[in-house]
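Colleague: Right, I'll just put the structure down here and ask away after.
The values are calculated or read from the model by the stated rules, or taken from the named source; none is laboratory data. Please read these numbers as outputs of a predicted model, since none were measured by experiment. When we count neighbours, we look across all protein chains shown, and the Cβ atoms used for this are built from the backbone with ideal geometry, even at glycine.
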Amino acid sequence: MAKKKHNKINPIILTLICAVLLFAAYISLSTLALGLWGQTVMGTVDSYDSRLDDTNGGENRSRTVSKGYYFSVDGKEYRGYVMYRSDEAWPRLDAGETRSERISYFSFFPYISKPSMLTDFDKMGTAGFLYHLFAPMGCLFLFLLVTGRLKKKEKQQKRN
């Protein structure tokens, strides 16, 4: 007798996959929304690191940059942290040293914020804009594929 094959994904793995897809969609949607509707304020970068990953990397792909920053809106201070790929290579910050940088944020929810250079469509370029535009749709497609919702629709259509 042949065993029936169960193609069920472990619930822990499925939860991790869904969390990663949700996070990727959030990053792209927040970047687009901040670029369209975000306000800007001058913030302060208080931690900075630039790690060389690939000396032969393409444009804006040779380093991983991480920044910690804070900014004030209506007398309240908000903190943020961001990591991205770039060719940017500032000197490291000494203890107590800071740099100024423009920060994009939502006036109704300032916890969603990024350095303005990451939300500027001109600096992002066409490829970056298209990536952030189509990434949420790709995440939705992968979510439907992983959860089996696409397969069930196909089976229902074959029955009819």
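Colleague: Taking interchain pairs and intrachain pairs at least six residues apart, which have beta carbon atoms under 9 angstrom, with the first residue in region 45-58 and over 16 Å from residue 90 (Cα atoms) and the second in a strand (DSSP E or B)?
Modeller: Correct list of pairs: 54/63; 57/63; 57/85.
Colleague: Further question on the same structure: Do we find a residue being of a type in the set (Asp, Glu) and modelled with pLDDT of 90 or more anywhere in region 38-52?
Modeller: The answer is yes; a qualifying residue exists.
Colleague: Name every residue in region 71-104 that is surrounded by 13 or more Cβ atoms within 10 Å (Cβ to Cβ), closer than 19 Å to residue 37 by Cα and over 22 Å from the mean Cα position of the chain (by Cα), in order of residue number.
Modeller: 72, 73
Colleague: Could you please find all residues in region 77-96 being out of contact with any strand residue (DSSP E or B) (no Cβ under 8 Å at 6 or more places or on another chain) and not hydrophobic (A, V, I, L, M, F, W, C)?
Modeller: Matches in region 77-96: 91, 94, 96.
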